[in-house]
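S.K.: Here it is: the structure, laid out below.
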2 protein chains.
Amino acid sequence: MTISTRKERQKEELRGKILHAAKELFMQKGFEDTSIRNIAEKIEYSPTTIYLYFKDKDDIFCELHREGFALLNQYFRPLAHVSDPYERLKAINKAYITFAMENGELYDLMFIINAPMKSIKKDESDWEEGSRAFAFLVNTIQECISKGYFSGMQPEVLAFTVWSMVHGIASLEIRNRCSVVESLNEKDLARKASDLVNEILDRMHRE
Amino acid sequence: MTISTRKERQKEELRGKILHAAKELFMQKGFEDTSIRNIAEKIEYSPTTIYLYFKDKDDIFCELHREGFALLNQYFRPLAHVSDPYERLKAINKAYITFAMENGELYDLMFIINAPMKSIKKDESDWEEGSRAFAFLVNTIQECISKGYFSGMQPEVLAFTVWSMVHGIASLEIRNRCSVVESLNEKDLARKASDLVNEILDRMHRE
DNA sequence: ATAATTTACTTAACGGTGTAAAGTTAAGGA
DNA sequence: TCCTTAACTTTACACCGTTAAGTAAATTAT
């Protein structure tokens, strides 16, 4: 029994090494510019070995996609203790942008890359972390609404809209479309824009 | 003279055919999944002929990028006649989403794709159309501010933020990240979200 | 009119890609 | 000891972007 568990552990280890190498290369060079051969070389195995552990390149993508959402949830976790839902919502926005800026390539992989979303079935356990992250936002907004904020708006549509706002900022920054705004330092722009989103939400509720 | 102008015209025609074929294929299969060979086959020339007209694949990208902004400006043009700047701003938001939904792949190419932004130098004439589009937004917001809206906000930062909001919606839709919102028809979601952005702006100014 | 040059294009090739099939080697169980 | 299975590699296919060299026709020069 111990011998087969050792084998299994070793398999799991190699699987982990592949993921680790893949993640590092994706972060460094991006998804498209990283080849299976690159990953294989990094872990000192033949390229085809990787296919014994993952169906294809997209399969590796899916796993890192899942890990990405787990990390995002780590950014969100402390915010669960913010009792005021409206303050929590604004904190979520800030945390989201921070996550995106600190993990640009991972963010790219999670939210921008053109990869087969069909292979990520939201009803499967793979999607648990992603589902949790979105639910956290929807619940927070739901609480806001029951406290009188955003009256008459549909929680899910609003959640998607708020998400869109911060995603817009993050993705323009990551895909380098900020250079049109000539007068400003690019790195500050995302931060300033996300602060502005929060200020816009604030002004909605002041009379 | 007539003979050399005919030659030049023919060269221009072939250049146009390459762009046309490339655009159609990009729309159909996306940028990454379209090869120079595909384009060549479509116009019934050898792949290398394309290199006589364009430096590389990115060069074709740049030209279509420019055409894309010209088309976006066509969506914006009628809005110049909306005299109230605040109404114009909301109309810009709507028009932007309409443009994105009606020209998904072109939008992708303009705002999402990972292509060498460095080769698009904003100080060159290539960028004229892009510059015009962003200036239209900034000017509209500038007018809003002088009419008392968005008091104390920086026009360019706000322009970028508003742009981010609608871009976020468009890009999540185009890159298929909307499926997390289970309860709603996906096609409606972008429309609903952009309406909500306008409503949020509206509520900012009601007491 | 003929020779030289230029233009417009093609063929062939290089080094890369994702991935599948077949082959190899070593360990485990009967 | 024989056989099966697991883990991995070699080889190969069909694609990719791009370059260098070659070709055939049209234009220009002598």
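The values are calculated or read from the model by the stated rules, or taken from the named source; none is laboratory data. Worth saying up front: this structure is predicted, and the values here are computed from it rather than measured. Here Cβ is always computed from backbone atoms with ideal geometry, including for glycine, and neighbour counts include all displayed protein chains. We work out accessible area using only protein heavy atoms, side chains counted, and drop any ligands, DNA or RNA first. Shrake-Rupley method; radii C 1.70, N 1.55, O 1.52, S 1.80 Å.
S.K.: Just tell me how shielded B:106-115 is by partners: mean number of partner chain Cβ atoms within 10 Å of each residue's Cβ, no decimals.
M.R.: 3
S.K.: Can you pull the percent of Cα pairs in the range B:1-54 with separation above 14 Å?
M.R.: Cα-Cα pairs of the range B:1-54 separated by over 14 Å account for 53 percent.
S.K.: For chain B, take the longest principal axis of its alpha carbons; what is the angle in degrees between that and the long axis of helix B:2-29, to the nearest 10 within 0 to 90?
M.R.: 50
S.K.: Shifting gears a bit: Check each of the GluC sites (Glu not before Pro) in the range A:1-94 and keep only those in coil by DSSP with at most 10 other C-beta atoms within 10 angstrom; list them in order.
M.R.: A:Glu44
S.K.: A further question follows. Over all alpha-carbon pairs of the range A:1-117, lay out the pair-distance distribution in 5 Å bins, whole %, shortest bin first.
M.R.: P(r) over the range A:1-117, rounded to whole percents: 2, 10, 18, 18, 15, 12, 9, 7, 5, 2, 1.
S.K.: May I ask you to derive the relative contact order of the range B:58-204, considering only C-alpha pairs under 8 Å and at least 6 residues apart, and to give it as an integer percent?
M.R.: 29
S.K.: Another question, if that's okay. Can you give the convex hull volume per residue for the Cα atoms of the protein assembly as shown, as a whole number of Å³?
M.R.: Here the figure is 172 Å³ per residue.
S.K.: Next up: Over 19 Å between Cα atoms: which of A:Lys90/B:Lys90; B:Lys90/B:Lys192; A:Lys17/A:Lys42; A:Lys11/A:Lys42; A:Lys94/B:Lys192 fall into that group?
M.R.: A:Lys90/B:Lys90; A:Lys94/B:Lys192
S.K.: Per residue of A:146-158, what is the mean number of Cβ atoms on other protein chains within 10 angstrom of that residue's Cβ?
M.R.: Averaged over the peptide's residues, the number is 3.
S.K.: Please list 3J(HN,Hα) in residue order for the range A:64-71, calculated via the Karplus relation 6.51 cos²θ - 1.76 cosθ + 1.60 where θ = phi - 60°; whole Hz, with x for glycine and proline.
M.R.: Along the range A:64-71, the couplings run 5, 4, 4, 4, x, 5, 4, 5 Hz.
S.K.: Mind listing which trypsin sites (Lys or Arg not before Pro) in the range A:10-73 are in a DSSP loop and have 14 or fewer other Cβ atoms within 10 Å?
M.R.: Here the sparse-neighbourhood loop sites are A:Lys55.
S.K.: Mean residue ellipticity at 222 nm from the helices of the protein assembly as shown, using -39,500 (n - 2.57) per DSSP H segment of n ≥ 4 over the full residue count, to the nearest 500 deg cm²/dmol?
M.R.: -22500 deg cm²/dmol
S.K.: Step through the residues of the range B:102-115 one at a time and calculate ³J(HN,Hα) from phi using the Karplus curve (6.51 cos²θ - 1.76 cosθ + 1.60, θ = phi - 60°), rounding each to whole Hz and writing x for Gly and Pro.
M.R.: For the range B:102-115, the Karplus-derived couplings read 7, 9, x, 6, 5, 4, 3, 4, 6, 10, 10, 3, 7, 10 Hz, x marking Gly and Pro.
S.K.: Now a separate question. Ignoring ligands, DNA and RNA and using a 1.4 Å probe, state the total buried accessible area between A and B in Å², rounded to the nearest 100.
M.R.: 4700
S.K.: Taking amide H atoms as placed 1.01 Å from N in the peptide plane, list the residues 5 or more away in sequence, or in a different chain, whose amide H sits under 5 Å from that of B:His205.
M.R.: Under 5 Å from the amide H of B:His205 lies no amide H from a residue far enough along the sequence or on another chain.
S.K.: To continue, here is another question. Viscosity 1.002 mPa s, temperature 20 °C: Stokes-Einstein D of chain A from its Kirkwood Cα radius, in µm² per second?
M.R.: For the chosen part, D equals 112 µm²/s.
S.K.: I would also like to ask the following. Any idea of the accessible area per residue across the protein assembly as shown, 1.4 Å probe, to the nearest Å²?
M.R.: Per-residue accessible area for the protein assembly as shown comes out at 49 Å².
S.K.: Let me ask something else. Hey, can you grab everything whose amide H is under 5 Å from the amide H of A:Ser35? Only 5+ residues off in sequence or another chain; H modelled, so Pro and N-termini drop out.
M.R.: It is none; the list stays empty.
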